[in-house]
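The values are calculated or read from the model by the stated rules, or taken from the named source; none is laboratory data. Given the structure is predicted, the values throughout are model-derived calculations rather than measurements. Glycine gets a Cβ as well: all are built from the backbone with ideal geometry, and neighbour counts include every protein chain shown. Note: areas computed on protein heavy atoms with side chains; ligands, DNA, RNA excluded. Shrake-Rupley method; radii C 1.70, N 1.55, O 1.52, S 1.80 Å.
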Amino acid sequence: GQQVMQIPQYQHVQEGEDFTTYCNSSTTLSNIQWYKQRPGGHPVFLIQLVKSGEVKKQKRLTFQFGEAKKNSSLHITATQTTDVGTYFCAGLTGANNLFFGTGTRLTVIP
Amino acid sequence: KAGVTQTPRYLIKTRGQQVTLSCSPISGHRSVSWYQQTPGQGLQFLFEYFSETQRNKGNFPGRFSGRQFSNSRSEMNVSTLELGDSALYLCASSKEGQGPSGELFFGEGSRLTVL
């Protein structure tokens with residue numbers, strides 16, 4: 001069935017290092033969203049990508065949507081302790097079903 | 001603008017009991033979707049309601065049900081609880097639902113423990 005795979009599951013980085021998480025879908029997506037969930041918190045919307053090959057930036061965060069609209073990535077430059085949390089992608093299929101990735105839990109070591 | 005409100009925040013039940021969770025969406029949002037979050041399975045979609053109609057349903061047994069009222073508030077019910085139902089249940093609201101403009105606003109969740 002449809003699912004969105006996300007890697008890595010866990011990532012530990014030294015503060016100041018970069019971080020990237022990847023999502024891959026088995027089918028073409030209409031759009032992809034990214035959410036961040038702080039420890040003990042709830043997911044918070046970060047961004048939505050719609051167009052093939054789209055790249056969006058939010059300060060130190062760069063989001064990409066693949067040309068085939070089957071994969072996406074989130075890259076954080078120079079991580080800070082405030083970046084700690086779990087990052088989820090969520091892919092929307094043509095049938096309007098939203099599938100969340102398994103998430104990448106980021107730990108930033110000061 | 002008030003956010004998504006879920007009640008209760010925490011609850012403990014025993015196997016075989018049933019539970020009802022409530023979600024009040026952001027004012028003006030007509031779509032409410034429910035998710036189960038566990039450490040092992042991540043965020044799994046339960047169902048989505050839009051204008052009192054179930055629009056989408058995930059792959060959960062019939063013990064999981066929901067409904068939406070005319071004021072967009074939603075409830076979900078789990079009957080005959082099992083240990084594996086222990087999870088954080090998240091409700092999310094959006095203006096139009098899980099579509100092209102479907103940014104989801106999540107509540108704090110209801111943490112259910114089944115003993």
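Straight distance only, please: which lysines reach the Cα of residue B:95 with their own Cα at less than 17 Å, same-chain residues fewer than 8 apart left out?
List returned: B:1.
Counting alpha carbon pairs within less than 8 Å and at least 6 residues apart, what relative contact order, in whole percent, applies to chain B?
Answer for chain B is 36 percent.
At a probe radius of 1.4 Å, what is the per-residue accessible area of residue A:55, in Å² to the nearest 10?
Using a 1.4 Å probe on the heavy atoms, I get roughly 80 Å².
Remind me, relative contact order of chain A in percent, using alpha carbon pairs under 8 angstrom and six or more residues apart?
Values: 292 pairs, mean separation 41.4, N = 110.
Relative contact order for chain A comes out at 38 percent.
Could you give the dipole magnitude of chain B about its Cα centre, charging the beta-carbon of Lys and Arg +1 and that of Asp and Glu -1, in debye to the nearest 20?
160
Only Lys, Arg, Asp and Glu count, each charged at its Cβ (+1, +1, -1, -1), so figure out the dipole size of the protein assembly as shown about its Cα centre, rounded to 20 debye.
Working: 22 positive and 14 negative charges, 70 e Å.
Once rounded to the nearest 20, the dipole reads 340 debye.
Compute the distribution of all C-alpha to C-alpha distances in region B:1-94, in bins of 5 Å from 0, and list the percent of pairs in each, rounded to whole numbers.
Percent of pairs per bin, in order: 3, 14, 26, 26, 19, 9, 3, 0.
With every protein chain left in place, what is the accessible area of residue A:18 in Å² (1.4 Å probe, nearest 10)?
80
Can you tell which of B:11, B:36, B:114 lies farthest toward the positive end of the dipole of the protein assembly as shown, using +1 and -1 charges on the Cβ of basic and acidic side chains (Lys, Arg; Asp, Glu)?
Going by the Cα projections, it comes out as B:11.
How many percent of Cα pairs in the protein assembly as shown exceed 29 Å? Each step should come with its number before you reach the end.
Details: 6743 of 25200 pairs.
Percent of Cα pairs beyond 29 Å in the protein assembly as shown: 27.
Give the residue list of GluC sites (Glu not before Pro) in chain A that are DSSP loop and have at most 14 other beta-carbon atoms within 10 angstrom. Don't skip to the end; give the middle numbers.
Values: sites: A:15, A:17, A:54, A:67; in loops: A:15, A:17, A:54, A:67.
Sites meeting the loop and neighbour criteria: A:15, A:17, A:67.
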